[in-house]
Structure formats: structure tokens, C-alpha cells
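Heads up, the thing below is written out as C-alpha cells.
The values are calculated or read from the model by the stated rules, or taken from the named source; none is laboratory data. Keep in mind that what you see is a predicted model, and the values were worked out from it rather than measured. Note that we place each Cβ from the backbone using ideal geometry, even for glycine, and neighbour counts take in every protein chain shown.
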Amino acid sequence: MPDILEGYRKQKEYLICVDSDGCAMDTMDSKHITCFGPCLIPVWGLSPWEQKIRRRWDEINLYTMTRGINRFKGLAMILAEINRTYKAVPDVDAFVRWTGEAPELSNQAVKAQWELTGKEIFRQALEWSEEVNRKIGAMPEEAKCAFDGVREALKAAHETADVAVVSSANKKAVEEEWQRQGLMEYVDVVLSQDAGSKSACINALLKKGYCPDHVLMVGDAPGDCEAAADNGVYYYPILVKHEEMSWRRFPAEALKRLVRGEYGGAWQEQMVRAFRDNLS
């Protein structure tokens, strides 16, 4: 984290942190349904149960309160279920334990753990993750679009605030997708899975001199809300299936309230309640 933020300097009094997949970019469903889930099957030999396992992957990662979970944490969850329900997964307990303790969950980190332990499950996890990245990279450009309203919202935000992408996705993919959509001109820094957890990223940004009540995390998943709460900063939800509406409301409601010092209290509670109700 120090290296990633070494050259970053606070320029404005306010900071907007924005998640990428499923929040700014309309890519989350397609990536999980066509890349993440399908890539599980050949690596662990799951063909007899493919449809059930893919459906369960989508539930974990898209439609429940674990939406937006780090890919390796999601993998640990489903491998533990596969081990209990369908077939033995050697060393699954070691993998689950690692995902709960490791300070960084990325391809580099899982490769290092494989080299350290020699356990096959870490090699398989790396193979799966690299194939996911390859398939995502091969997705057609038209499948990697920003939600309507994102560009206008980020442009408005950048006039009064620094803007940081805080994502658990692959950094190269995030930067390419945001560049292609013309969003990077409104971004000051990109922090992704190699920078640590979202909570750690926000914490590091706060150390650049922002007041917590001048910081807003924009996200679509419980992990985004938790990362904001961990650091005592505000949260604005992009509601699943109502993304465009959420972004259209952002400049006139969320951003304006943040700058006026009116975001906390009842308004924040209302936003969090709407977010949880929408995923329940």
C-alpha cells in the first residue's frame, strides 16, 4: 500500500471512493455468469454438478449479502460447499483459513502461498483466477460499459472532490475499462485487489489528510458498506437493478449533502436501510 499511494497527494477537501464492477461498470453479472462460474468446472472436475454449482456461485457473488466479495473469498466459500456436498477438495480448510487471514488476496499472493506450501489447491486457485482474467479480457467491448449516469456523476464529483477507484477487481482490467469509457479523466488514483482490502485502501487514503466526514464511499455491495463503516466515512449505495436511478440522483442529492455537511444522521441511515432492503 505505501508504494501504491507514495505519489498520491490530497488536492481537494473531499474524497469520493467508487467501486467498479456492478457499481460504476455494468460488468458484474456478465463476468460472473460467463467467466468466474464456468472457469470453476474444468479446474476442479465439477462437470456432473455444473449447473447447480454455477447457480450457487452466482447466488454468492451477485444476489445475496455476499455480493461483491473478493474472488478468492468467494472461491473459498464455494469450494467448502463443494467439499461438503459434491466431492472432496483436498486442503480446502487451508485455503479457507488463508483467505481469512491474508493481508492481500490477489494472483501474486496466491502464487506466493502455493510456492510456500506446495499445496495443489493454491495452484488450482491461481489457474482458475488467471483463466478468469483471460476470459474477461476476451469479452467484447460492448459488454464492458459504464451504467448510464456514471460519467455525469463523476464529472460533477471531480469538480469538488478527489476521486479514487476502490475495487477488489483486477487492476489492469479496471484501468482498461474505465479508460475505454472515458472515465479516467475524472479519477485521481486506482486502488484494486493488489492494494489490499477496500477497508485498508480507504484507511490509507484517510492518512493523506481527509476528514472522515468529507469522505464518501460509493458502492453496490455489502463489502463497500462495511469498508465505509470500518473507517467512519459515509456510504452511498448504487442499488442493484436500479443503478441508473442511483447514479442520476448522486450529484443533486448525495454530493450536495456531503459538501453541505448534511450527509450524516438520518440521511445516511436511510441510504443504508434502502441498500439492505434492496438485497434482502
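Number of residues in region 63-92 that are touching a residue at least 60 places away in the same chain (Cβ under 8 Å) and either aliphatic (A, V, I, L, M) or not assigned by the TED database to the domain that holds ASN133 (or both): the value is 2. In summary, helices (runs of 4 or more DSSP H) completely within region 86-147 and bearing 1 or more residues that are closer than 27 Å to ARG180 by Cβ and acidic (Asp, Glu) occur at 120-137.
Considering only residues in region 81-104 that are hydrophobic (A, V, I, L, M, F, W, C) and farther than 19 Å from GLU131 by Cβ, the one that is nearest to the chain's Cα centre (by Cα) turns out to be ALA102. In region 53-80, of all residues being in a helix (DSSP H, G or I) and more than 19 Å from ALA125 (Cα to Cα), the one that is farthest from the chain's Cα centre (by Cα) corresponds to ARG55. Residues of region 44-87 that are small (Gly, Ala, Ser) and surrounded by fewer than 13 Cβ atoms within 10 Å (Cβ to Cβ): GLY45, SER47.
Taking first residues from region 32-55 that are on the phi > 0 side of the Ramachandran plot and assigned by the TED database to the domain that holds ILE78 and partners that are in a loop (DSSP other than H, G, I, E, B) and among the basic types (Lys, Arg), the Cβ contacts under 8 Å between residues at least 6 apart in sequence or on separate chains come to GLY45/LYS87. Taking region 117-163 as the range and being crowded, with 17+ Cβ neighbours inside 10 Å and touching a Ser or Thr at 6+ places or on another chain (Cβ under 6 Å) as the test, only LYS144 passes. Scanning region 159-178 for residues that are under 19 Å from TYR235 (Cα atoms) and without any contact (Cβ under 8 Å) to a residue 60 or more places away in the chain turns up nothing. Do we find that ALA252 is under 13 Å from ASP19 (Cβ atoms), not in a strand (DSSP E or B) and not aromatic (Phe, Trp, Tyr) in this structure? When the stated conditions are applied, ALA252 does not pass them. Being touching a Cys at 6+ places or on another chain (Cβ under 6 Å) and either in the same structural domain as ILE33 (by the TED database) or modelled with pLDDT under 95 (or both) is the requirement here; does GLU131 meet it? Criteria met by GLU131.
The one condition from (1) over 19 Å from THR66 (Cα atoms); (2) in contact (Cβ under 8 Å) with a residue 40 or more places away in the chain that MET184 does not meet is (2). Summed over region 247-280, residues that are at pLDDT below 95 and either under 15 Å from VAL215 (Cβ atoms) or not acidic (Asp, Glu) (or both) total 4.
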